[in-house]
Amino acid sequence: MPQGTASATPLALKLDDAIKRGLQANLGLLTRTNSSDTVRAERVRALSVLLPQVTGMAGETVSQINLKTFGFSFSFPPIPGFHGFPTIVGPFNYITAQADVSAKVFDWNARKNYSAAKSNEEASRLSVQDARDLVVQAVVSGYLQIITSASRVAAIQAQVNTAQAIYDRAVDQKQAGTSPAIDVLRAQVELKTQQQRLLAQQNQLDKDKLTLARVIGLAPGQVFDVADSVPFAPLAGISRDDALRMALAQRPDYQSAKKLAQGAEEAVQAARAEWYPTVDLDGFYGDTGPTPGNSHGVFTVTGSLKFNIFNGGRIRSDVEQARATLKQRNDELADLGGEIDFQVRAAFLDIQSAADQVAVAQSNLVLANETLTQARDRFAAGVADTIEVVQAQESVASANDSLISALYAHNIAKTGLARALGLAEQGIQKFIEVK
């Protein structure tokens with residue numbers, strides 16, 4: 001969700017700031033938070049069933065009754081001085097003020113439903129934490145992608161500068177009559193190729209910035225540059241076995257799934273409890289009379305025991321449905337446990353592989369640069385043509401790209417490990433070192 005208005009001053013965006021913005025503005029997290037609020041309301045509703053319900057009432061009644069309506073019809077022989085009973089009574093009035101109370105003394109079904117609601121609420125809270133980890137992972141990945149694209153732009157720009165220098169030297173040598181025109185054409189083709197690559201990579205960098213701005217909710221049109229760099233830092237201080245144990249113990253989504261399974265178990269017990277009798281208490285206490293000064297206290301207390309005799313299979317169907325839900329939750333929990341194990345193991349494999357690739361790429365880049373230096377010297381001395389120089393330059397470009405890709409893969413793998421351990425928000429700095 002875009003926030004604020006764009007500033008004319010470019011923003012120097014640090015990784016910490018990007019993460020904070022993402023946690024404040026990302027729609028996926030806000031939606032998950034709203035869902036958690038809904039689940040919390042369901043828990044409060046389940047609790048209200050167990051608590052006494054008290055209502056108050058105050059009123060005045062004015063009434064006139066026709067006794068014939070109730071079957072009273074008086075017929076007497078004529079009696080001197082007695083005109084019979086009237087069939088119309090009233091009008092008369094009275095006032096009433098009372099409090100009505102309804103309470104469940106024992107309802108095991110309601111208690112188990114409340115326990116299930118509490119488990120679901122805790123699962124929802126953990127789900128929000130999991131969503132925060134996902135947002136952090138997305139922000140860090142976007143930030144690293146920008147750093148990678150910017151590194152590629154810088155590397156290609158260096159290649160453009162080298163190609164320009166070779167082209168200028170080829171032109172000078174052709175004018176001096178020491179180099180054929182074909183060398184100039186080769187150098188010019190290489191220069192144009194590198195310029196084209198630079199344009200494409202610059203466009204990719206701008207798109208990567210748009211992607212990160214969208215993830216963290218920057219105002220549309222806000223210009224920014226990343227202010228942190230992420231150098232290569234080998235992973236240390238944690239083994240794979242320790243990571244596997246940590247992941248199952250602290251992953252929010254795994255703990256959320258466990259709470260959902262626990263809530264499903266409570267729901268099964270709640271369905272079975274529909275067979276159990278319930279004890280209810282109902283009553284009222286009030287004051288009734290013709291006037292407030294001529295009134296008296298009144299009350300009624302009723303205790304009842306209710307139990308099922310025949311329900312047409314409704315309770316059995318509720319139990320079967322709850323069992324099916326429980327099985328689904330347990331299956332999902334087992335699947336998630338296997339997925340977490342896979343993610344942790346895969347992250348360690350990716351980290352080790354990427355670290356090895358970084359070492360090889362660094363060595364290869366040194367060799368490629370030495371080769372390019374010798375090729376340029378040979379070309380300047382007139383003992384080699386531009387083919388050798390162009391090939392050496394392409395080797396440097398390839399080595400640069402391989403190193404950048406390996407560094408990006410290494411940092412992305414460490415980000416994936418932080419996510420796999422459930423530490424994306426709290427412990428991302430332990431894995432991704434910025435400068």
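The values are calculated or read from the model by the stated rules, or taken from the named source; none is laboratory data. All values derive from a computational prediction rather than experimental measurement. Here the Cβ is made from the backbone with ideal geometry for all residues, glycine too, and neighbour counts use every protein chain on show. The protein model used for the area step is the full one, side chains on, heavy atoms only, and it has no ligands, DNA or RNA in it. Shrake-Rupley method; radii C 1.70, N 1.55, O 1.52, S 1.80 Å.
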Note the full-extension length gain between V101 and V383 as 0.36 nm times their separation in residues minus their Cα-Cα distance, in nm to one decimal. 90.9 nm
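What area, in nm² and to one decimal, does the C-alpha convex hull of the chain cast on average over all directions? Kindly include the intermediate steps, with their values, before the conclusion.
Values: hull surface 157.4 nm².
Over all viewing directions, the chain projects a mean Cα-hull area of 39.3 nm².
Residues of region 250-364: accessible area per residue at 1.4 Å, in Å²? Don't jump to the answer; show the numbers that get you there.
On the way: 6880 Å² over 115 residues.
Per-residue accessible area for region 250-364 comes out at 60 Å².
Computing the accessible area with a 1.4 Å probe over protein heavy atoms, can you report the carbon and sulfur percentage for region 215-284?
Carbon and sulfur atoms account for 57 percent of the accessible area of region 215-284.
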Note to self, the chain gives a 222 nm [θ] from helices alone (DSSP H runs n ≥ 4, -39500 (n - 2.57) apiece, / all residues, nearest 500) of -23000 deg cm²/dmol
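When the expected Rg is taken as 2.2 N^0.38 Å, what fraction or multiple of it is the alpha-carbon Rg of region 37-166?
Values: Rg = 40.1 Å, N = 130, 2.2 N^0.38 = 14.0 Å.
Output field value: 2.87.
Where Lys and Arg each count +1 and Asp and Glu each count -1, what net charge lies around F307 among other residues with Cβ under 13 Å from its Cβ? Don't skip to the answer; put the middle values down first.
Details: positive: K306; negative: D107, E274, D280.
Its environment carries a net charge of -2.
Calculate, in nm to one decimal, what L349 and L367 gain on full extension: separation in residues at 0.36 nm each, minus their alpha carbon distance. Kindly include the intermediate steps, with their values, before the conclusion.
Working: separation 18, 0.36 × 18 = 6.48 nm, distance 2.73 nm.
Net length gain for the segment: 3.8 nm.
If you take the Cα atoms of region 1-78, find Rg, then find the Kirkwood Rh from the mean of 1/r over all pairs, what is Rg/Rh? Please list the in-between numbers first.
Working: Rg = 33.7 Å, Rh = 20.7 Å.
Result: Rg/Rh = 1.62.
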Under 16 Å from the Cα of K327 - aspartates and glutamates, other chains or at least 8 residues apart: E265, E266, D318, D335
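With all protein chains present and a 1.4 Å probe, how do F284, F72 order by accessible area, largest first?
Details: F284 60, F72 100 Å².
If we order F284, F72 from most to least accessible, we get F72, F284.
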For region 135-226, what is the accessible area per residue in Å² when the probe is 1.4 Å? 48 Å²
Amide proton proximity set for S179, modelled H, under 5 Å, gap of 5+: K174
Could I have the simple spin-label model distance between K327 and R245, label points 7 Å from Cα toward Cβ, reported in nm to one decimal? 3.5 nm
Could you check the spin-label model distance between K306 and A6? Points 7 Å from the Cα along Cα→Cβ, value in nm. 6.3 nm
